[in-house]
1. Looking at (1) of a type in the set (D, E); (2) surrounded by 16 or more Cβ atoms within 10 Å (Cβ to Cβ); (3) free of Cβ contacts under 8 Å to residues at least 12 places away in the same chain, which one does D19 not meet, given that it meets all the others?
2. Please state which of the following conditions D121 fails to meet, knowing it meets all the rest: (1) farther than 29 Å from V22 by Cα; (2) modelled with pLDDT of 95 or more.
3. Could you check the range 22-33 and list, in sequence order, the residues that are aliphatic (A, V, I, L, M) and either free of Cβ contacts under 8 Å to residues at least 12 places away in the same chain or outside the structural domain of E46 (by TED's automatic domain parsing) (or both)?
4. Name the residues in the range 30-71 that are touching a strand residue (DSSP E or B) at 6+ places or on another chain (Cβ under 9 Å), of a type in the set (D, E, K, R) and part of a loop (DSSP other than H, G, I, E, B), would you?
5. Does the range 100-126 hold any residues that are part of a loop (DSSP other than H, G, I, E, B), surrounded by 12 or more Cβ atoms within 10 Å (Cβ to Cβ) and touching a helix residue (DSSP H, G or I) at 6+ places or on another chain (Cβ under 7 Å), and which are they?
6. Of all residues in the range 26-60, how many are in contact with a Lys or Arg (Cβ under 9 Å, 6 or more places away or on another chain), surrounded by fewer than 17 Cβ atoms within 10 Å (Cβ to Cβ) and of a type in the set (G, A, S)?
7. So which of A144, A97 is modelled with pLDDT of 85 or more, exposed (fewer than 14 other Cβ atoms within 10 Å of the Cβ) and small (G, A, S)?
8. Which condition number does M1 fail, the rest of (1) loosely packed, with under 15 Cβ neighbours inside 10 Å; (2) closer than 20 Å to G128 by Cα; (3) among the hydrophobic types (A, V, I, L, M, F, W, C) being met?
Amino acid sequence: MPIEDGKFVKIEYVGTLDDGTVFDSTEGGEPLEFQLGAQQVIVGFENAVKEMELDMEKEISIPAAEAYGEPRDDMIIDFPIEEVPEADQLTVGQKVAVTSDNGQPFTATIVEITDEKVKIDVNHPLAGQNLNFKLKVVSVSDEATESCSSCSSCSSCD
């Protein structure tokens, strides 16, 4: 019987790119806990979990469009060098922490530095990548566990 929206699930997983590179995994750590239907994980991942049952294992492939999308040119932004703190210490390829207009932190990549500007790519690092997962449902519950740290929408996370 598929898992219903609103349920809290714990998933063990290994995420790989098409070339076999592991980009994320719960191996050696805690399973990922999230609430189905609360949009806390990418759509393709959530849809696969909805079709599973407790203790079920499954391998899935999520095309880039259902994961983090394709890289977008409008997500490569030029900043005047004088507006970039410590610009003289940055290097091309470096990952930097930035904050969106709504206060959300995320990672961006320095793609070019000139005397006049710093160009950063704010596309998600996995944009354009197909994502492959080995999944196992290890828990299904009506409530989040005390160790839930995946969300801010349950009383256990407050």
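1. (2)
2. (1)
3. Of all residues in the range 22-33, those aliphatic (A, V, I, L, M) come to 22, 32.
Hit for the range 22-33 is V22, nothing else.
4. E30, E51, E53, D55
5. Keep residues of the range 100-126 that are part of a loop (DSSP other than H, G, I, E, B), which gives 100-104, 114-116, 122-126.
Restricting the remaining residues to those that are surrounded by 12 or more Cβ atoms within 10 Å (Cβ to Cβ) gives 122-126.
Matches in the range 100-126: V122, N123.
6. Count: 1.
7. On the way: A144 fails: exposed (fewer than 14 other Cβ atoms within 10 Å of the Cβ).
Every option except A97 fails the conditions.
8. Answer for M1: the failing condition is (2).
The values are calculated or read from the model by the stated rules, or taken from the named source; none is laboratory data. Model, not experiment: these values are computed from the prediction. Cβ atoms come from the backbone with ideal geometry, glycine included; neighbour counts cover every protein chain shown.
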